[in-house]
1. Cβ-Cβ distance below 6 Å, separation of 6 or more or different chains: which pairs start in region 305-333 with a residue that is part of a loop (DSSP other than H, G, I, E, B) and end on one that is small (G, A, S)?
2. Kindly evaluate L55 against the criterion of being modelled with pLDDT of 75 or more, of a type outside the set (V, I, T) and buried (at least 19 other Cβ atoms within 10 Å of the Cβ).
3. Report, by residue number, each residue of region 307-344 that is closer than 25 Å to G212 by Cα, buried (at least 24 other Cβ atoms within 10 Å of the Cβ), of a type in the set (A, V, I, L, M, F, W, C) and modelled with pLDDT of 90 or more.
4. Quick one: how many residues across region 384-438 are open to solvent by 40 Å² or more (accessible area, probe 1.4 Å) and in a strand (DSSP E or B)?
5. Taking the stated definitions as given, is A412 closer than 21 Å to P328 by Cα and either of a type outside the set (A, V, I, L, M, F, W, C) or in contact with a Phe, Trp or Tyr (Cβ under 8 Å, 6 or more places away or on another chain) (or both)?
6. Mind counting the residues in region 350-361 that are surrounded by fewer than 20 Cβ atoms within 10 Å (Cβ to Cβ) and either in a helix (DSSP H, G or I) or free of Cβ contacts under 8 Å to residues at least 40 places away in the same chain (or both)?
7. As an exercise: evaluate T150 against (1) modelled with pLDDT of 60 or more; (2) surrounded by fewer than 20 Cβ atoms within 10 Å (Cβ to Cβ) and give the number of the one condition it does not meet.
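The values are calculated or read from the model by the stated rules, or taken from the named source; none is laboratory data. Predicted model, so just to flag it, every value in this text is computed and none were measured. All Cβ positions, even for glycine, are placed from backbone atoms using ideal geometry, and neighbour counts span all protein chains on display. Ligands, DNA and RNA are excluded from the accessible area calculation, which covers all protein heavy atoms including side chains. Shrake-Rupley method; radii C 1.70, N 1.55, O 1.52, S 1.80 Å.
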Amino acid sequence: MSWSCLPAEIRVLVLEALLQDDGCSLAGFAIVSREWQMTIELHNFAHINLTLSRLADFGPMIHRNRALVRYIWLCLELQEYDCTQCSPHGLEMMGISSTDNTLITTAFQDLFSMLSTWEPNSNLLLDISVHSPSDSEHWFKYLTFEPDITSDECGQINDHQHGWIAGSQNSTPSKAGIHKVFDEIMGEGPFNSGEEEDQWWQQLPLVPEVTGVLLRQQNCQRWKPTALAQMFARFPRLQEICYEPWREWCDIQQEWTDQSFRSLLNRSLLYAIPFMGGFSGCSSISIPTSDVSYAVAKASLKLECLSASFIVGTSYFFNACDPHWKWPNMTSLTLTSHLLTPDESLIEIDNMLQKAAAVAMKMPNLTSMEIWNGREGLAMLFRYQPIGEGQPAVLTWRGTWQFTLRAPIVQAWEAVALKHCIHKSIIVEEVLDAGVVVKSHGDAIHHLKFLNLVIRPVSLHQIRMEHRIREGVHD
């Protein structure tokens, strides 16, 4: 029986089986028939991993099928280094080298020039990573660098020179060692001034094809907020930003960075801060500031979705909201709150949740608001979710300790539901099982079961895996 004589549902099952075989090279099957070619090319070209060695030939190679491309992972690998450079002592060895900075700027020039020729008739997600293959060979052996999919590899590590014994890190790297891996991209070059760098960004062509940008937590090398603002300005159709920066290793530097982030807060933003243990001069948790919280609140007026983790204080956020503000487009809002702890004042928690309800009253298209907190030993989520017209809304309180929503909170949120033509609320309270172990904010995210994305799934996997490796815990 020929392929064309098979029932359509059988042909679909055969092709789906081929596409699910990770160890199978599909290119050869494209010659079987036009149907196979179309299906396999749609699969092969949807997600592209783009390295420096492939960048020069990428344009001609992709020309016929570029309309099929939906995701590009631009993986920029910096120079490798040995143990004489993993914790440098001299200033001349600190920072990203001039060679690496030139590599980065050249890659951006080539990529932007090529993508600027694409017709803006689809959605393209640009995922940018910058790292050295050596970053995971010295002090930071738990770091992984991969496209926006997950894997589950985790082995035991031994490297006494870098403090790793029987899979656990027993000593921390020096400030110089941290700076080597968490350095600032184009911080000391290749430009002589901020004005020269701004001019370089502005001469790059516009890229209308790009509608989303990923800067995931595996990017230890830090982007300057001013550079990100310039980068995003080159994407006139940008609709979504997923930005997952590490917090600064010094509280003073964090204050400067927070102030600079205000220039970024004018577009859709997924902002999560994965935190790794610090040293003297660095707080154990991220402390939100009123200035950044206000900037996020003001920027949210234009957004459809906002998830801001740890950078925003909910009390600051809701206090900043002018009584006359309205959010006509907002469908989902997710924030973290340090108030959601078992030893916090109940009055403070009540006040915060009532202010949240007052803001939700101004969001006619809201489908969910989630407020949460998570760290070692603690996980808590408050959620408001209107199910639909004529049905009750659902108030959920899920976490690691018992808490009952008091009458003023319930009444405030029922008023939100009634205003938006929904029946009164159903209350769901759930204490996480005693067997649930929360070792980090990554575990908290995993167990709280969010409706909305607070971090990319691959980043969540990396955070939890990195924590297990650092603690010497193995499955």
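1. Listed by first residue and then by second, the contacts come to S309/A272; F310/S286; V312/S293; G313/S293; C321/A297.
2. Values: modelled with pLDDT of 75 or more: yes; of a type outside the set (V, I, T): yes; buried (at least 19 other Cβ atoms within 10 Å of the Cβ): no.
For L55, the condition - modelled with pLDDT of 75 or more, of a type outside the set (V, I, T) and buried (at least 19 other Cβ atoms within 10 Å of the Cβ) - is not met.
3. L333, L335
4. Here the count works out to 10.
5. Numbers: closer than 21 Å to P328 by Cα: yes; either of a type outside the set (A, V, I, L, M, F, W, C) or in contact with a Phe, Trp or Tyr (Cβ under 8 Å, 6 or more places away or on another chain) (or both): no.
No.
6. Our first condition is that a residue be surrounded by fewer than 20 Cβ atoms within 10 Å (Cβ to Cβ); within region 350-361, this holds for 350-351, 354-355, 358, 361.
After this cut, where a residue has to be either in a helix (DSSP H, G or I) or free of Cβ contacts under 8 Å to residues at least 40 places away in the same chain (or both) as well, the list is 350-351, 354-355, 358.
Looking only at that region, the number is 5.
7. Evaluating T150 over (1) modelled with pLDDT of 60 or more; (2) surrounded by fewer than 20 Cβ atoms within 10 Å (Cβ to Cβ) leaves (1) as the failure.
Condition check ((1) at pLDDT below 80; (2) under 22 Å from P288 (Cα atoms)) across all residues:
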site: G189; (1), (2): yes, no
site: S193; (1), (2): no, no
site: D198; (1), (2): no, no
site: V207; (1), (2): no, no
site: L215; (1), (2): no, yes
site: K224; (1), (2): no, yes
site: Q254; (1), (2): yes, yes
site: S260; (1), (2): yes, yes
